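Undergrad: Below is a structure I'd like to ask you about.
The values are calculated or read from the model by the stated rules, or taken from the named source; none is laboratory data. As the structure is a computational prediction, the values presented were derived from the model and not from experiment. Counting neighbours? That spans all protein chains shown, and the Cβs are built from the backbone with ideal geometry, glycine included.
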């Protein structure tokens, strides 16, 4: 469990018949990640300590400081289960991430594309903050709002976190199971984000991003609907353009 999170620690009070293993960034936890380095690109690394003693240097192939703690939890669980440290390190290094969780799709014409399932402001915030530390020229957020009720309820929160990106494109709202009785529109969100562009169709979004993204940029599609489709459309278009320019 995350020993740095007060709510988690409080929740576990009173549990005496189970072995509890604390993991975190602060001294006092059983497992601690120290000397964290997130140098940019799709990797990061740190030193793992157990009960104050150095265990191993961990290299990851996934970005973001949140994955430091995720991987340390995995390290601790594997270690407690009897796995060899060398095997744990190998597994962590070769883990490329879960599908649709900052999933790298490829780099074409110098533009890197990634897709993420993030559909709540807190998730989007973590993803975009990680992206901004990766050393790309510009970070693009292509967001598909999901359900009219959630978009309306969290409108200001979405607008705030999407501004972390350098450039933002908002698609039409995916209503899913809902009927738009609220009258909310995608432009209600885009108008709150300075410089944001609102385009309804994936074809429009694909053309706009592919025509305006620059070499060295990172484009992330964000949402739990079918926004991943436009990510693949953009990859296909720039891949074909790359071949034509070869």
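Undergrad: Within segment 81-100, which residues are within 15 Å of the chain's Cα centre (by Cα) and surrounded by 17 or more Cβ atoms within 10 Å (Cβ to Cβ)?
TA: Listed by number, the residues that qualify are 97, 100.
Undergrad: Considering only strands (runs of 3 or more DSSP E) fully contained in segment 5-60, which possess at least 1 residues that are more than 27 Å from the chain's Cα centre (by Cα) and either without any contact (Cβ under 8 Å) to a residue 60 or more places away in the chain or surrounded by 11 or more Cβ atoms within 10 Å (Cβ to Cβ) (or both)? Quick ask: steps written out before the conclusion?
TA: Values: elements: 31-37, 44-50, 53-60.
Per the criteria, 44-50, 53-60.
Undergrad: Still on this structure, please answer the following. Among 48, 76, 56, 118, which is in the same structural domain as residue 135 (by TED's automatic domain parsing) and touching a strand residue (DSSP E or B) at 6+ places or on another chain (Cβ under 7 Å)?
TA: 118
Yes/no matrix, rows are residues, columns are (1) at pLDDT 95 or above; (2) crowded, with 19+ Cβ neighbours inside 10 Å; (3) farther than 27 Å from residue 63 by Cα; (4) in contact with a strand residue (DSSP E or B) (Cβ under 6 Å, 6 or more places away or on another chain):
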position: 140; (1), (2), (3), (4): yes, yes, no, yes
position: 164; (1), (2), (3), (4): yes, no, no, no
position: 177; (1), (2), (3), (4): no, no, yes, no
position: 215; (1), (2), (3), (4): yes, no, no, no
